[in-house]
Amino acid sequence: MVLIRNLFRSPAAASVLSLVATVAFYVLVGRADVLALVSAASWLNFAANLGIVALPVGLLMVAGEIDISFGAMIPAGAITTALLSGTYGLPIEIGMLGALSLGVIVGLVNGILSTSTKVPSLLITLGTLTVMQGIVLWAAMHLAGNASIPLQAPAWAKFLFGQLINNSHQVIIAWWIILVGVFGLLLHKTSFGNWIYAMGGDKTSARNAGVPTERVTIMLFVFSAVSACFVGMCGAILFNTTQVSGGMSYIFNVIASIVVGGVLLSGGFGSVMGIFIGTLTFSIVNKGISFTKINPNWANLVIGVVLVLAMVMNEYFRKRAFHYGSASK
Amino acid sequence: MTHPILALNHINKSFGPIDVLHDISLTVRAGEVLCLLGDNGAGKSTLIKILSGVHIPTSGTIEMDGAPVSFQSPRDASGRGIATVHQFGGTFPLMSIGRSFFVGAEPTKGWGPFKIFDRKKANEIAIKSIRDFGITRIDDGERLVGGLSGGERQSLAIARAVYFGARVLILDEPTAALGIKQAAHVLRIVNQAKKKGLAVVFITHQVTHAMAVGDHFAVLIRGSIAADFKKGDKTREEITDLMAGGSAMAELEAEIESDAHHAHVA
C-alpha cells in the first residue's frame, strides 16, 4: 500500500498510467496481439535511441533549462564518425573519440552561452542547432561529397555499438538501460542531483545557498550534446552509413517523452524513472499502432490524445503530491 | 557591557544621484529582537540588502562583535552568520523538506567518487529542527515544501538558518502574507529564536506584530531613522502615526469613519 501511495506522489505516476492505458487501448480496442506487441523490436529500438538523449535533456529541464540542439548533434555524431573512420580511413577509435569530443565542444558552447548571457537556453540552442546543421551539411558535402557517408566499422565496434541482437534488437537498448541507472543515481542519489532540483526551483536561492549553478548547467549541456553524438555514432556504426537530416524529428519526440514522463516544463520537478517510462509510453504509442487494426492514418490523432491525457494527469498528480494528508488522517 | 553582534554606524547609501538611506545607526544584540518599521518605500529593503551583503554602503561602517567588517557578497554575510529569510520562505516548493533543507550543504555517506546523498539523515535532521520549534504536524521529510502552509514554510526557513549556525536572523516581512493564526505561529518562532540567543532583525509594517515580539524599535521614514525607542516607550497609536509620517493616520481614520457613517445613514 505504501508503495502504491508513494508511486502516486512520484513524478512517474501519470506516465505509468499512460503506459498501461495505451497498451490496454491497443490490445482491447486495436485488437493487437499482446505477445507480438511486447516482443517487437520496432518500438524498443525507437525508445532506446530517443531515451539516451531524453535522459540528459530531461535533467536539463529539471534544472530549468532546455536543449534542442541535439536535433543537429545526432547527425553530427554520425557524420563525424563516418568522416574520420570512413572517408579518411582512420581507426574507429579516432572516429568515435572525434564524435564525442564534438559533443563536449558544442555542450561547452551551449553551457557557457547560457550561463554568461540572460538569453533563454531555448533560443541559444535554437541557434546552435541551426549552426550545427549548417556545419554538418557543409562537412558532408565538401569533405565526403555526399550526405550518405559509407563506414565499415570493425567487428568489436559493431559488437559493442552496432549489433542487432536476434537480428532485431539494437544493442543501444543495453546502453540505454545502463544510462538510466547512471542518470538515476546522479539525479536521485548525489548532491549534484539535489542541486539540479534546487536550480529548477529557484536559481538565485540555489546560488545563494552555495550551489555552483554555472558549473552544473555547463556540465548538463555537455552531457546532452555528448549523448546525442553517441546516438548518432551508434547509428552510423550499425547502418554503415549516415544521414544529414535524421535528427530533426527527435526534437519533438524527445521533449514529448520527457514531458509525458512527468518532468515539469518550467523545471524543479521530475524523475529519471518518469523520463524512462515516458519514453517507453511515447514509443509504444508511436510505433505500436502498426500492430493494431487501427487505420494508420489515425496515428497522429491517437498520439495527440495520449499526449494531452498524460499532461492533464501529470498536472493532477503534481497537485496530489502537494497534499500533506498523512496516513493518520 | 559586551559588544552588540551587529552594529551599523552612520550608514549612507545612494544609487547615483538618489539618496536612499541617510545616516543610519543601529545595533542588534544577542537575544534581542530589533523591529524595523516603515511604510513601503521607506528604505527597508535597501537596509536589508546592506545587512545581507547584497549592497555595499556608500559610506559608514558595519561592525560585528565590535570589529569592523565589510560584506562584498551575500556569501560573505552568510559566512559570518547573517541569515536572511524572505517573505515566502525562500525555499523550494517542489522539493522535499529534507532535500530543500540541505541545498548546497548535502549530507553524504560513502567515500571518494561514491559519495551518496544521505536522504535519511537529511530528513531526520530537517524534521528534528522544525519540531524543535514546536511544529509537530510535520513528521515526514519526504513531503514537498509546497504542501506546507505559509507559516510552516517560514518556520522551516528559520529552523534551517538556525541549524546552519546563524547568529543574526533577518526576517523580511515574514508575516505580511499570512493569516492571523499563521502569523501568530511565526511570531512564536521568532520568540524562540530570540530565546536561543539569536539576534533578530524583524522587518514589518504591521505594528501589532512588531509589538508582540520586539525589544527595540526603529522607525524608518524616507531613508532616515525617525524614531529609535525601547519596548514600552510608545503606544501602538503613536507608532502607527510615526510610520505614516505624523498625525496623518488619526485624521485618515476619522475621515474613513465619518464616510462610513454617512454611507450608513444614507
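How long are the three semi-axes of the equivalent ellipsoid for region B:160-200, computed from the Cα gyration tensor as the root of 5 times each eigenvalue, in whole Å, largest first?
20, 11, 8
Let me check against my output: what whole-number percent is the relative contact order of region B:39-151, with C-alpha pairs under 8 Å and at least 6 apart?
22 percent
With each run of n ≥ 4 DSSP H residues scored as -39500 (n - 2.57), what mean residue ellipticity at 222 nm is computed for chain B after dividing by its residue count and rounding to the nearest 500 deg cm²/dmol?
Here the helix-only value at 222 nm equals -11000 deg cm²/dmol.
Just tell me how shielded A:198-204 is by partners: mean number of partner chain Cβ atoms within 10 Å of each residue's Cβ, no decimals.
5
Enumerate the lysines that residue A:287 could reach by cross-link, defined here as Cα to Cα under 26 Å, with residues fewer than 8 away along the same chain left out.
The reachable lysines, counting only those whose Cα sits under 26 Å from residue A:287, are A:158.
Mind jotting down a quarter of the surface of the convex hull over the alpha carbons of region A:80-144, in square nanometres, one decimal?
Convex hull of Cα atoms, orientation-averaged projection: 4.4 nm².
Would you mind calculating the relative contact order of region A:10-319 from Cα pairs under 8 angstrom and at least 6 residues apart, reporting the percent as a whole number?
Relative contact order of region A:10-319: 39 percent.
Scale the Cα Rg of the protein assembly as shown by the rule-of-thumb value 2.2 N^0.38 Å and send over the ratio, two decimals.
It is 1.19.
Which of these, A:195, A:175, A:138, has the largest mean-square fluctuation under a Gaussian network model of chain A (Cα springs below 10 Å)?
A:138
Please express the shape of region B:63-128 as an equivalent ellipsoid: the semi-axes are the square roots of 5 times the eigenvalues of the C-alpha gyration tensor, given largest first in whole angstrom.
29, 17, 11
Which pairs in the list A:203/B:13; B:121/B:231; A:293/A:319; B:49/B:194; B:13/B:195; B:49/B:234 are over 30 Å apart, alpha-carbon to alpha-carbon?
Among A:203/B:13; B:121/B:231; A:293/A:319; B:49/B:194; B:13/B:195; B:49/B:234, the Cα-Cα distance tops 30 Å for B:121/B:231; A:293/A:319; B:13/B:195.
Gaussian network model of chain A, Cα springs within a sub-10 Å range: biggest mean-square fluctuation belongs to which of A:143, A:238, A:83?
Of the options given, A:143 has the highest mean-square fluctuation.
Take peptide A:205-216, look around each residue's Cβ out to 10 angstrom, count Cβ atoms belonging to other protein chains, and average those counts.
Whole-number average of other-chain Cβ neighbours for A:205-216 is 4.
Just the projected area, averaged over all directions, of the convex hull on the alpha carbon atoms of chain B: how many nm²?
18.4 nm²
Counting only complete DSSP H runs, which helices of chain A cover 30 Å or more along their long axis at the Cα atoms and score a mean Kyte-Doolittle of 0.0 or above?
Correct list, ordered by number: A:92-116, A:213-239, A:299-322.
Restricting attention to the alpha-carbon atoms of region B:13-99, what are Rg (one decimal) and Dmax (integer), both in Å?
14.8, 46
Once the principal axes of the Cα atoms of region A:176-329 are found, what is the range along each, listed largest first in whole angstroms?
51, 44, 24
When we measure straight from the Cα of residue B:109, which aspartates and glutamates land under 12 angstrom away, once same-chain ones fewer than 8 places off are left out?
The qualifying aspartates and glutamates are B:118.
What are the aspartates and glutamates whose alpha-carbon lies under 13 Å from the alpha-carbon of residue B:128, with same-chain residues fewer than 8 places away excluded?
Qualifying aspartates and glutamates at Cα under 13 Å: B:139, B:140.
Sort B:241, B:39, B:172 so that the residue with the fewest other Cβ atoms within 10 Å of its own Cβ comes first and the one with the most comes last.
In increasing order of surrounding Cβ atoms, one gets B:39, B:241, B:172.
Arrange A:279, A:115 by Cβ neighbour counts within 10 Å, fewest through most, would you?
Fewest-to-most Cβ neighbours within 10 Å comes out as A:115, A:279.
So for each of B:127-135, B:146-154 I average, over its residues, the number of other beta carbons within 10 Å; can you give me the resulting order with the highest mean first?
Packing order, densest peptide first, comes out as B:146-154, B:127-135.
Report the convex hull volume per residue for region A:36-90, counting only C-alpha atoms, in Å³.
Enclosed volume per residue, from the Cα hull, is 114 Å³.
Connecting C-alpha atoms closer than 10 Å in a GNM of chain A, tell me which of A:268, A:89, A:184 has the biggest fluctuation.
Result: A:89 has the largest fluctuation of those listed.
Considering the dipole of region B:74-145 built from charges on the beta carbon (Lys and Arg +1, Asp and Glu -1) around the Cα centre, which of B:77, B:122, B:112 is farthest to its positive end?
B:112
Given Cα positions, please report Rg to Rh for chain A, the hydrodynamic radius being the Kirkwood one.
Radius of gyration over Kirkwood radius for chain A works out to 0.99.
Taking every residue in B:47-58, how many Cβ atoms of other protein chains lie within 10 Å of its Cβ, on average?
That works out to 0 on average.
A short reminder: the numbers here are calculations on the coordinates, not readings from a lab. Not measured: the values here are computed from a predicted model. For neighbour counting, all protein chains shown are included, and Cβ atoms are generated from backbone atoms with ideal geometry for every residue, glycine included.
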